[in-house]
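This report refers to the structure that appears directly beneath it.
The values are calculated or read from the model by the stated rules, or taken from the named source; none is laboratory data. Model, not experiment: these values are computed from the prediction. Note that we place each Cβ from the backbone using ideal geometry, even for glycine, and neighbour counts take in every protein chain shown. Side chains are part of the model used for accessible areas, which takes the heavy atoms of the whole protein and leaves out ligands, DNA and RNA. Shrake-Rupley method; radii C 1.70, N 1.55, O 1.52, S 1.80 Å.
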Amino acid sequence: MLASAITSRPGASAIFAGGVVAYSNLLKNRMLNVKIEVLSEEQGGPGEVSEACAIAMARGVLQNSGILDIDAVPKEVKVGMIGGNRHGLALSTTGFLQGGPEGRDGEVWVGCCWVFQGKEGSRARKMDMKAREIAILHEGKEDEAARHTLKEVVAQEALRIAVEVANELEAETRES
(Lines give C-alpha, C1' and ligand atoms only; values in the text may rest on other atoms or scores of the structure.)
Protein backbone atom coordinates (compact mmCIF):
# COMPACT_ATOMS: atom_id res chain seq x y z
CA MET A 1 0.00 0.00 0.00
CA LEU A 2 2.86 2.37 0.81
CA ALA A 3 4.65 1.73 -2.49
CA SER A 4 1.37 2.16 -4.33
CA ALA A 5 0.81 5.54 -2.68
CA ILE A 6 4.26 6.73 -3.79
CA THR A 7 4.11 5.36 -7.34
CA SER A 8 0.60 6.60 -8.07
CA ARG A 9 2.08 9.90 -9.26
CA PRO A 10 3.77 10.35 -12.64
CA GLY A 11 7.55 10.60 -12.42
CA ALA A 12 7.76 8.47 -9.28
CA SER A 13 10.70 6.54 -10.73
CA ALA A 14 12.84 9.65 -10.18
CA ILE A 15 12.52 9.19 -6.40
CA PHE A 16 11.36 5.60 -5.81
CA ALA A 17 13.63 2.58 -6.25
CA GLY A 18 11.33 -0.15 -4.96
CA GLY A 19 9.86 -1.86 -1.95
CA VAL A 20 9.93 -5.04 0.09
CA VAL A 21 6.95 -6.72 1.74
CA ALA A 22 8.46 -8.79 4.54
CA TYR A 23 5.43 -9.98 6.47
CA SER A 24 7.03 -12.96 8.19
CA ASN A 25 9.90 -12.88 10.66
CA LEU A 26 11.82 -15.21 8.35
CA LEU A 27 11.79 -12.59 5.57
CA LYS A 28 12.46 -9.75 8.00
CA ASN A 29 15.57 -11.65 9.08
CA ARG A 30 16.73 -12.94 5.68
CA MET A 31 15.82 -10.05 3.39
CA LEU A 32 16.12 -7.07 5.73
CA ASN A 33 18.85 -8.28 8.12
CA VAL A 34 16.68 -7.83 11.22
CA LYS A 35 18.45 -9.79 13.93
CA ILE A 36 16.71 -12.67 15.67
CA GLU A 37 17.54 -10.93 18.96
CA VAL A 38 15.28 -8.07 17.86
CA LEU A 39 12.49 -10.23 16.43
CA SER A 40 12.21 -12.73 19.28
CA GLU A 41 10.56 -11.72 22.53
CA GLU A 42 11.33 -15.24 23.80
CA GLN A 43 15.05 -14.40 23.53
CA GLY A 44 14.56 -11.13 25.41
CA GLY A 45 14.24 -8.92 22.34
CA PRO A 46 11.62 -6.23 21.82
CA GLY A 47 9.79 -8.33 19.20
CA GLU A 48 8.65 -7.96 15.62
CA VAL A 49 6.33 -5.09 16.51
CA SER A 50 8.68 -2.59 18.11
CA GLU A 51 10.66 0.57 17.52
CA ALA A 52 13.85 -1.50 17.15
CA CYS A 53 12.30 -3.75 14.53
CA ALA A 54 10.81 -0.85 12.53
CA ILE A 55 14.19 0.91 12.38
CA ALA A 56 16.06 -2.33 11.60
CA MET A 57 13.66 -3.07 8.73
CA ALA A 58 14.17 0.37 7.18
CA ARG A 59 17.93 0.14 7.67
CA GLY A 60 17.90 -3.31 6.05
CA VAL A 61 16.34 -1.82 2.93
CA LEU A 62 19.12 0.78 2.75
CA GLN A 63 21.80 -1.86 3.32
CA ASN A 64 20.46 -4.30 0.76
CA SER A 65 19.82 -1.62 -1.84
CA GLY A 66 23.52 -0.79 -1.93
CA ILE A 67 22.99 2.81 -0.85
CA LEU A 68 25.09 2.40 2.30
CA ASP A 69 27.98 0.97 0.28
CA ILE A 70 27.49 2.76 -3.05
CA ASP A 71 31.18 2.47 -3.98
CA ALA A 72 30.90 -1.33 -4.02
CA VAL A 73 27.96 -1.29 -6.46
CA PRO A 74 29.03 -2.04 -10.07
CA LYS A 75 28.63 0.98 -12.34
CA GLU A 76 26.29 -0.99 -14.62
CA VAL A 77 23.89 -1.38 -11.70
CA LYS A 78 24.24 2.22 -10.53
CA VAL A 79 22.56 3.34 -13.75
CA GLY A 80 19.28 2.02 -12.35
CA MET A 81 19.81 3.66 -8.97
CA ILE A 82 18.37 7.05 -8.25
CA GLY A 83 21.10 9.37 -9.42
CA GLY A 84 23.76 6.80 -8.48
CA ASN A 85 24.23 8.70 -5.21
CA ARG A 86 24.71 7.72 -1.60
CA HIS A 87 21.43 9.38 -0.69
CA GLY A 88 18.36 7.50 0.29
CA LEU A 89 15.43 7.17 2.61
CA ALA A 90 13.68 3.95 3.57
CA LEU A 91 10.37 3.46 5.37
CA SER A 92 8.98 0.47 7.20
CA THR A 93 5.79 -0.47 8.97
CA THR A 94 5.20 -3.29 11.42
CA GLY A 95 2.23 -3.86 13.64
CA PHE A 96 -0.81 -5.65 14.93
CA LEU A 97 -3.90 -4.52 13.05
CA GLN A 98 -7.15 -6.12 14.22
CA GLY A 99 -5.50 -8.57 16.53
CA GLY A 100 -2.32 -9.17 18.41
CA PRO A 101 -1.35 -10.01 21.95
CA GLU A 102 -3.48 -8.66 24.78
CA GLY A 103 -2.72 -5.03 25.42
CA ARG A 104 -0.98 -4.59 22.07
CA ASP A 105 -3.93 -4.88 19.68
CA GLY A 106 -3.68 -1.97 17.27
CA GLU A 107 0.00 -1.24 18.02
CA VAL A 108 1.85 -0.16 14.87
CA TRP A 109 5.36 1.22 14.38
CA VAL A 110 6.57 3.24 11.41
CA GLY A 111 10.33 3.30 10.92
CA CYS A 112 12.45 5.60 8.80
CA CYS A 113 16.18 5.52 8.06
CA TRP A 114 18.07 7.83 5.77
CA VAL A 115 21.46 8.68 4.37
CA PHE A 116 22.05 12.18 3.05
CA GLN A 117 25.30 14.02 2.40
CA GLY A 118 27.28 11.51 4.40
CA LYS A 119 24.99 11.62 7.43
CA GLU A 120 22.81 8.74 8.56
CA GLY A 121 19.74 9.01 10.74
CA SER A 122 16.66 7.19 11.89
CA ARG A 123 13.40 7.65 13.73
CA ALA A 124 10.35 5.65 14.55
CA ARG A 125 6.83 6.56 15.54
CA LYS A 126 4.33 4.46 17.43
CA MET A 127 0.70 4.52 16.39
CA ASP A 128 -2.27 3.23 18.38
CA MET A 129 -4.73 2.03 15.78
CA LYS A 130 -7.25 0.41 18.16
CA ALA A 131 -9.27 3.59 18.74
CA ARG A 132 -9.30 4.29 15.00
CA GLU A 133 -10.45 0.75 14.30
CA ILE A 134 -13.37 1.13 16.74
CA ALA A 135 -14.35 4.44 15.09
CA ILE A 136 -14.15 2.94 11.60
CA LEU A 137 -16.20 -0.11 12.58
CA HIS A 138 -18.71 2.23 14.26
CA GLU A 139 -19.17 3.90 10.87
CA GLY A 140 -20.54 0.57 9.69
CA LYS A 141 -17.58 -0.66 7.67
CA GLU A 142 -17.06 -4.40 7.45
CA ASP A 143 -13.83 -5.89 8.87
CA GLU A 144 -12.14 -6.10 5.44
CA ALA A 145 -12.95 -2.48 4.58
CA ALA A 146 -11.89 -1.38 8.07
CA ARG A 147 -8.54 -3.16 7.70
CA HIS A 148 -7.97 -1.48 4.32
CA THR A 149 -8.73 1.93 5.84
CA LEU A 150 -6.37 1.27 8.77
CA LYS A 151 -3.59 0.30 6.37
CA GLU A 152 -4.19 3.54 4.45
CA VAL A 153 -3.83 5.53 7.69
CA VAL A 154 -0.52 3.80 8.44
CA ALA A 155 0.76 4.44 4.89
CA GLN A 156 -0.21 8.12 5.18
CA GLU A 157 1.71 8.41 8.47
CA ALA A 158 4.78 6.80 6.88
CA LEU A 159 4.61 9.32 4.02
CA ARG A 160 4.19 12.15 6.52
CA ILE A 161 7.38 11.02 8.29
CA ALA A 162 9.24 10.88 4.96
CA VAL A 163 8.16 14.44 4.15
CA GLU A 164 9.19 15.62 7.65
CA VAL A 165 12.64 14.09 7.24
CA ALA A 166 13.04 15.47 3.71
CA ASN A 167 12.07 18.96 4.89
CA GLU A 168 14.51 18.77 7.82
CA LEU A 169 17.35 17.61 5.55
CA GLU A 170 16.56 20.37 3.07
CA ALA A 171 16.61 22.96 5.86
CA GLU A 172 19.97 21.64 7.11
CA THR A 173 21.36 21.88 3.58
CA ARG A 174 20.24 25.51 3.25
CA GLU A 175 21.83 26.38 6.60
CA SER A 176 25.20 24.83 5.63
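Among [x] 36, 18, 16; [y] 52, 17, 15; [z] 29, 20, 15, only one was calculated for this model; which label is it, if the read-out is semi-axes √(5λ) of the Cα gyration tensor in Å?
Computing semi-axes √(5λ) of the Cα gyration tensor in Å and matching it to [x] 36, 18, 16; [y] 52, 17, 15; [z] 29, 20, 15 gives [z].
Using a simple spin-label model with points 7 Å from Cα along the Cα→Cβ vector, what separation in nm is obtained for Q117 and A166?
Going from the Q117 label point to the A166 one covers 1.7 nm.
From the Cα trace of segment 1-46, what convex hull volume per residue do you get, rounded to a whole Å³?
Numbers: hull volume 3.7 nm³, N = 46.
Expressed per residue, the convex hull around the Cα atoms of segment 1-46 is 81 Å³.
Would you kindly state the longest site-free stretch of the chain, with sites defined as GluC sites (Glu not before Pro) in a DSSP loop (not H, G, I, E, B) surrounded by at most 10 other Cβ atoms within 10 Å? Before the final figure, lay out each step's value.
On the way: sites that count: E42, E102, E139, E142.
By the stated rule (loop sites, at most 10 other Cβ atoms within 10 Å), 43-101.
Send over a whole-number figure in Å² for the accessible area per residue of the chain, probe 1.4 Å.
Details: 10550 Å² over 176 residues.
Accessible surface, normalised per residue, equals 60 Å².
How large a share of the accessible area of the chain, in percent, is made up of carbon and sulfur atoms when the probe is 1.4 Å and the other protein chains stay in place? Write out the running numbers ahead of the final one.
Working: 5480 of 10550 Å².
After summing per-atom areas, the C and S share lands at 52 percent.
Using a 1.4 Å probe and ignoring any ligands, DNA or RNA, find the accessible area of L2 and quote it in Å² to the nearest 10.
The accessible area comes out at roughly 40 Å².
Taking only Cα atoms, what is the 0 to 90° angle, nearest 10, from helix 143-175's long axis to the longest principal axis of the chain?
30 degrees
Full-extension gain between A17 and S4, please, as 0.36 nm times their residue separation minus the C-alpha to C-alpha distance. Write down the numbers at each step before the final one.
Details: separation 13, 0.36 × 13 = 4.68 nm, distance 1.24 nm.
This chain segment gains 3.4 nm when fully extended.
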